[in-house]
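Q: Right, I'll just put the structure down here and ask away after.
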Amino acid sequence: MREGLAALCGHHLPHITFNEFNMKDIIGIDIGGVLIKPAETKGDTSFFSDDYLATPEFEGAAEIIRRLKDERFGDHMHLVSKCGPKVQRKSLDWLEHHDFYARSGLDRANVHFCLERPDKAVICKQLGVNVFIDDRLDVLGYLEDVPTRIQFCGSARARDAEGDGSFDFVKCASWQDVADMLLEPK
C-alpha cells in the first residue's frame, strides 16, 4: 500500500489524473452518507423518517459535482446506491425535491440502484467507472476494478472506520477535499 494513503483525511490530498493513458474518466458516487447526510442520532431529519425530504445534503455536494462535470467528467457521472425499493423511491424523491439534477448537472438517467452492496461493483464494471466515492469501506473493498476509491468521511461513522490494508483508498472529509483531489487547481 502506498505509504500513508489510507491515513489521509483532508490534508495534502494527491491530485489524481487518468488522461496520461487517454482513458475516459467515469465517476460513480454513492447517495446516502455521501450526498445525503446521515442522522448522527435518531431524529426528525433521518432519511428513514416520515420527514425524509428535510434530510440535508452535505455542504457543497451539488456545487462540487457540477464542477466535476464541467471540469473533468462531463456526462460520465453516475450515482450508484444500494437500497430497497422504498428507499429507492425516497432517494429519487429527495433528488427531485432538492433540485439536485439542475444544481449538479447530473443526468436523471445516470442513477443506478442495486439491492446488495457487492452489486455496486457489477454496476461500476458495466459503466467503466474508474473513480468511486462511498462512505463505506466494505463497498470500496468490493470495487476491485476501480483504480481510485475515495472514502467520503463526512459522518462520524465513516471518519472512525479503519481499513484493513487490503486495498488503497483515500479519505476525503468534505466535498471541497474531493474537488482538491480530482480537479486541476485554479
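The values are calculated or read from the model by the stated rules, or taken from the named source; none is laboratory data. If you're wondering where the values come from, they're calculated on a predicted model, not measured in any experiment. Ideal geometry is used to build each Cβ from the backbone, glycine not excepted, and the neighbour counts take in all protein chains shown.
Q: Just need a number here: residues in the range 52-97 that are out of contact with any helix residue (DSSP H, G or I) (no Cβ under 8 Å at 6 or more places or on another chain) and touching a residue at least 24 places away in the same chain (Cβ under 8 Å).
A: Qualifying residue count, the range 52-97: 8.
Q: Tell me which residues, restricted to the range 98-109, are touching a residue at least 40 places away in the same chain (Cβ under 8 Å) and among the hydroxyl-bearing types (Ser, Thr, Tyr).
A: Hit for the range 98-109 is 104, nothing else.
Q: Those residues that are under 17 Å from residue 57 (Cα atoms) and part of a helix (DSSP H, G or I), I need them from the range 160-186; list them, please.
A: Matches in the range 160-186: 175, 176, 177, 178, 179.
Q: Which residues, taken from the range 18-56, are surrounded by 12 or more Cβ atoms within 10 Å (Cβ to Cβ) and modelled with pLDDT under 50?
A: Within the range 18-56, 18, 45 qualify.
Q: Taking the criterion of being at pLDDT below 95, surrounded by fewer than 21 Cβ atoms within 10 Å (Cβ to Cβ) and hydroxyl-bearing (Ser, Thr, Tyr), would at least one residue in the range 155-170 satisfy it?
A: Within the range 155-170, one or more residues are at pLDDT below 95, surrounded by fewer than 21 Cβ atoms within 10 Å (Cβ to Cβ) and hydroxyl-bearing (Ser, Thr, Tyr).
Q: Looking only at the range 63-92, how many residues end up being part of a helix (DSSP H, G or I) and among the polar types (S, T, N, Q)?
A: Here is the first cut: in the range 63-92, the residues part of a helix (DSSP H, G or I) are 63-73, 85-92.
Narrowing the set further to residues that are among the polar types (S, T, N, Q) leaves 88, 91.
Qualifying residue count for the region: 2.
Q: Do we find a residue being touching a residue at least 12 places away in the same chain (Cβ under 8 Å), among the aromatic types (Phe, Trp, Tyr) and crowded, with 21+ Cβ neighbours inside 10 Å anywhere in the range 110-121?
A: no
Q: Going residue by residue through the range 128-141, is there one that turns out to be of a type outside the set (Lys, Arg), at pLDDT 95 or above, in a loop (DSSP other than H, G, I, E, B) and surrounded by 18 or more Cβ atoms within 10 Å (Cβ to Cβ)?
A: yes
Q: Out of the residues in the range 142-154 meeting the condition of being part of a loop (DSSP other than H, G, I, E, B), among the hydrophobic types (A, V, I, L, M, F, W, C) and in contact (Cβ under 8 Å) with a residue 40 or more places away in the chain, tell me which one is nearest to residue 181 (Cα to Cα). Spell out the reasoning first.
A: To start, the set of residues in the range 142-154 that are part of a loop (DSSP other than H, G, I, E, B) comprises 143-147, 153-154.
Narrowing further to those that are among the hydrophobic types (A, V, I, L, M, F, W, C): 143, 146, 153.
Restricting the remaining residues to those that are in contact (Cβ under 8 Å) with a residue 40 or more places away in the chain gives 146, 153.
On the way: 146: 16, 153: 14 Å.
Taking the candidates together, the pick is 153.
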